[in-house]
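Visitor: Here it is, the structure in full.
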Amino acid sequence: MVGTARVRDDARPTMTTAQRRIYEKTGNPPQTSALDDIDDPFEIKRPSLEDQMTARKKPSKYGNRKVVVDGITFDSVRESARYTKLAAMRSAGEISDLRIQVPFEIVPAAVVGGRKRPARKYIADFVYADAAGNLVVEDVKGMRTAMYSIKRQLVKVLYGIDIVEVK
């Protein structure tokens, strides 16, 4: 103290009342001129990349979890199990031309209300030819949604294909 004035120690950064109130409300510290100070109490501490990668993710809407098999990422354990079975059938010669995530356009791109809308597609989980050479379209289902029912009907009307549901 010098007279009635308080002398601040320059080694310790201080905040103005406005900065302190903002910090208390938002938790965001003010920018200081002591950016290179190792003991800067207002330094923004960001999680490392490793911490970000191991952070908990929001659970899936339908409770599925992604699985990688043969370098392919599948949306669910059920879908990966079906792929494993189909791959074994392909190796045994029971099926051929196995394809994954095959799109079928069900509504073409169009301009609606002055805005361009993209084409709408149904994406089949698996498409292959059976021993008789017939085309088989499979969809692995844990839960049938209303949108899936509409797309399934459109694929039947447009392409004449019955989608086989695998549960």
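The values are calculated or read from the model by the stated rules, or taken from the named source; none is laboratory data. Quick caveat, the model's predicted, so the values are computed rather than measured. Positions of Cβ are backbone-derived with ideal geometry, glycine not excepted, and every protein chain shown enters the neighbour counts. All accessible areas refer to the heavy atoms of the entire protein, side chains included, with ligands and DNA or RNA removed. Shrake-Rupley method; radii C 1.70, N 1.55, O 1.52, S 1.80 Å.
Visitor: Taking θ = phi - 60°, what integer Hz values does the Karplus form 6.51 cos²θ - 1.76 cosθ + 1.60 yield along the stretch 106-115, in sequence order, with x for Gly and Pro?
Guide: 10, 9, x, 4, 8, 9, 10, x, x, 10
Visitor: Enumerate the calculated ³J(HN,Hα) couplings along the stretch 130-140 in order (Karplus 6.51 cos²θ - 1.76 cosθ + 1.60, θ = phi - 60°), each rounded to whole Hz, writing x wherever the residue is Gly or Pro.
Guide: Computed from phi, the couplings for the stretch 130-140 are 7, 4, 7, x, 7, 6, 10, 10, 10, 10, 7 Hz.
Visitor: By accessible area of protein heavy atoms, probe 1.4 Å, what ranking do SER60, SER91 get, highest first?
Guide: Sorted by accessible area, descending: SER91, SER60.
Visitor: For LYS58, which lysines qualify as cross-link partners when the Cα separation must be under 22 Å and same-chain residues fewer than eight apart are set aside?
Guide: LYS66, LYS141
Visitor: Quick one: grab the alpha carbon gyration tensor of the stretch 121-167, order the square roots of its eigenvalues as a ≥ b ≥ c, and give me rounded if a/c is under 1.5, else prolate or oblate depending on whether a/b is larger than b/c. Before the final figure, lay out the partial values.
Guide: Numbers: a/c = 2.50, a/b = 1.39, b/c = 1.80.
Note, shape of the stretch 121-167 comes out oblate.
Visitor: If you don't mind, another one. Considering only protein heavy atoms, with the full assembly of protein chains and a 1.4 angstrom probe, order LEU98, LEU49, LEU154 by accessible area, largest first.
Guide: LEU49, LEU154, LEU98
Visitor: Also: Which FRET efficiency, nearest 0.05, do ASP51 and VAL107 yield, Cβ-Cβ r, R0 45 Å?
Guide: Numbers: r = 43 Å, r/R0 = 0.96.
For ASP51 and VAL107, the calculated efficiency is 0.55.
Visitor: Given a 1.4 Å probe and the protein chains all in place, what does the accessible area of MET15 round to, in Å² to the nearest 10?
Guide: Counting only protein heavy atoms, the figure is 50 Å².
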